[in-house]
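Beneath this line is the structure, given in structure tokens, with notes to follow.
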Amino acid sequence: MKEFKFKISGKDYTATVEDLNGGQMKVTVNGQTYQVEVPQTKAQAPRVAMAAAGAQTGGPKNVNSELPGTVTKINVANGQHVKRGDVLLVIEAMKMANDIVSDVDGTVQRVAVTPGQSVNQGDLLVEMVADCVAAKPEVAPKAAPVAPVAAPVAAPAPASAPVGAKVVTAPLPGTVTKIVSKVGDTVNVGDTVLLMEAMKMENNITSEFAGTIKAILVEAGAQVQCGQALVELN
């Protein structure tokens, strides 16, 4: 077992490294233990998924540092869309480069660090908004017929996408600030159809389909939820 003592931003750290079998190492920093794998071909730590754990449901996802070190590289910018597993930035700790990866699909709202900056465990690295994931509908079991009962009148639900239709949906909750397209316009994949504000940032909402706009299902100023239908195309 090897022991190291060092300072980061004036704070003392004590780390121990114990070699295990198969390229595994047990690293303890100020009492917090990590098990890491060191490939034989290069001295680089495994990719570390730093975004919030759990199911991807949409909404804010902060990426915090799980280890002290120095930011050596930043791979993303504000407003950039990333996929799960993409490397957001690299932190050097104990002479090993650690890839900090996203564990959700989402949009970078703010990069909170700069190259060369020293960070401590728990420091904010990146603010993100995770994409929405539509829930699969549950099929209810058939029930015995009952006498009809007048149902109370409910408020109309937000517009939803017809089955099989080409519909642009909200990737995150927010406010529609501007409608860029109109009914009858022809759009290509990647064209912006409207703008939304979320977490004090304006987001371009683009079409995943090519076609002609059949209906615009929201108005400027409307509050929309994650997964809500915005624009329908032919």
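The values are calculated or read from the model by the stated rules, or taken from the named source; none is laboratory data. The shown structure was predicted, so the numbers you read here are calculated from the model rather than taken from an experiment. Here the Cβ is made from the backbone with ideal geometry for all residues, glycine too, and neighbour counts use every protein chain on show. Accessible surface is based on the protein model in full, side chains and every heavy atom, while ligands, DNA and RNA are left aside. Shrake-Rupley method; radii C 1.70, N 1.55, O 1.52, S 1.80 Å.
Quick notes on this structure:
- Selection status of residue 120, more than 30 Å from residue 3 (Cβ to Cβ) and either surrounded by fewer than 21 Cβ atoms within 10 Å (Cβ to Cβ) or touching an Asp or Glu at 6+ places or on another chain (Cβ under 7 Å) (or both): no
- From the list 41, 33, the one residue that fits, being at pLDDT below 75, farther than 30 Å from residue 172 by Cβ and open to solvent by 60 Å² or more (accessible area, probe 1.4 Å), is 41.
- Residue within segment 51-60 that is at pLDDT 60 or above and crowded, with 20+ Cβ neighbours inside 10 Å present: yes
- Scope segment 195-234; condition open to solvent by 40 Å² or more (accessible area, probe 1.4 Å), out of contact with any Ser or Thr (no Cβ under 8 Å at 6 or more places or on another chain) and part of a strand (DSSP E or B); matching residues: 201, 214
- Here residue 174 fulfils each of the conditions (1) open to solvent by less than 20 Å² (accessible area, probe 1.4 Å); (2) at pLDDT 90 or above apart from (2).
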